[in-house]
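Written below as structure tokens is the structure these notes are about.
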């Protein structure tokens, strides 16, 4: 079922490790097509807090900082940098950049938006969306850590319903069994929203839930698309999986002179029940 990576000689305590110079992951960046809807989703729906934002950035230093390697590759192949997804930020006459950082406590999400410099931040991104499925070689995703006492299946349904009520139509949740249409997906029973790596009576899935999940016992997740088609994950880490993450965090702190604590809820979570049809 799985390949054992534990025997490989990866050791963050080696003299050449740069771990002592780091203090965790600062942010995950997403290029967005609709900044307004993205801010509504990440702040109003998911509860992030705006840390810093700016609009209309341009200049040769910024341009080279972001796109120098793409331009080099384009020139090497006698191609246009634009064919490599490079906007023209050099003098602000063609395109510019908008940036927002949103804090989720232990890390941040950065929203970046390249637009026509003559338009405002409500303009669409200058390049079309790319496929965001994690099967692509350079695809990324953002995973949000859901509190332990939250029913992840209910949360999945609530998330999609809330977004639909706001007109954020692209936010849709993957389910764990085969369907052919979006209508079928929406009509699935609650138990099929989240993938739980343990045997739970109320969410038992025949031929899956009673498997031996090994070190991953206690992991649970669902995938969803964000408002720009970005790949999102919402996950919980409990039971045996939590023990491994706690151990790794403690080892990281000891090796790198940091003091990261595990996330802890200060009060029990009150989860609204799903509306009855």
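Please tell me if residue 93 is surrounded by fewer than 19 Cβ atoms within 10 Å (Cβ to Cβ) and within 24 Å of residue 50 (Cα to Cα). Taking the combined requirement at face value, the residue does not satisfy it. Checking each residue in the stretch 46-59 for being surrounded by 16 or more Cβ atoms within 10 Å (Cβ to Cβ) and under 16 Å from the mean Cα position of the chain (by Cα) picks out 46, 48.
Only residues that are under 27 Å from residue 167 (Cβ atoms) and touching a helix residue (DSSP H, G or I) at 6+ places or on another chain (Cβ under 7 Å) were counted in the stretch 19-40, giving 1. For residue 143, the conditions (1) in contact with a strand residue (DSSP E or B) (Cβ under 6 Å, 6 or more places away or on another chain); (2) over 24 Å from residue 54 (Cβ atoms); (3) at pLDDT 90 or above; (4) assigned to a loop (DSSP other than H, G, I, E, B) are fulfilled apart from (4). Among the residues of the stretch 214-233, those that are assigned to a loop (DSSP other than H, G, I, E, B) and closer than 22 Å to residue 195 by Cβ comprise 217, 218, 226, 229, 230.
Quick check: anything in the stretch 198-217 touching a helix residue (DSSP H, G or I) at 6+ places or on another chain (Cβ under 7 Å) and under 23 Å from residue 25 (Cβ atoms)? Scanning the stretch 198-217, I find at least one residue that is touching a helix residue (DSSP H, G or I) at 6+ places or on another chain (Cβ under 7 Å) and under 23 Å from residue 25 (Cβ atoms), so the answer is yes. Taking the conditions exactly as written (modelled with pLDDT of 90 or more, out of contact with any helix residue (DSSP H, G or I) (no Cβ under 9 Å at 6 or more places or on another chain), over 18 Å from residue 127 (Cβ atoms) and not assigned by TED's automatic domain parsing to the domain that holds residue 158), does residue 54 satisfy them or not? Yes; evaluated as a whole, the condition is true for this residue. Considering 161, 193, the condition of being buried (at least 18 other Cβ atoms within 10 Å of the Cβ) and at pLDDT 90 or above is satisfied by 193 alone.
Within the option set 171, 150, 176, being modelled with pLDDT of 90 or more, surrounded by 18 or more Cβ atoms within 10 Å (Cβ to Cβ), in a loop (DSSP other than H, G, I, E, B) and within 21 Å of the chain's Cα centre (by Cα) holds for one residue only, 171. Looking at residue 256, is it crowded, with 16+ Cβ neighbours inside 10 Å and touching a strand residue (DSSP E or B) at 6+ places or on another chain (Cβ under 9 Å)? Taking the combined requirement at face value, the residue does not satisfy it. In the stretch 234-251, the count of residues that are closer than 30 Å to residue 162 by Cβ and either part of a loop (DSSP other than H, G, I, E, B) or over 24 Å from the mean Cα position of the chain (by Cα) (or both) is one or more.
The values are calculated or read from the model by the stated rules, or taken from the named source; none is laboratory data. Only a predicted model underlies this, so the values are computations on that prediction, with no experimental measurement involved. As a convention, Cβ positions derive from the backbone with ideal geometry for all residues, glycine included, and neighbour counts pool all protein chains shown.
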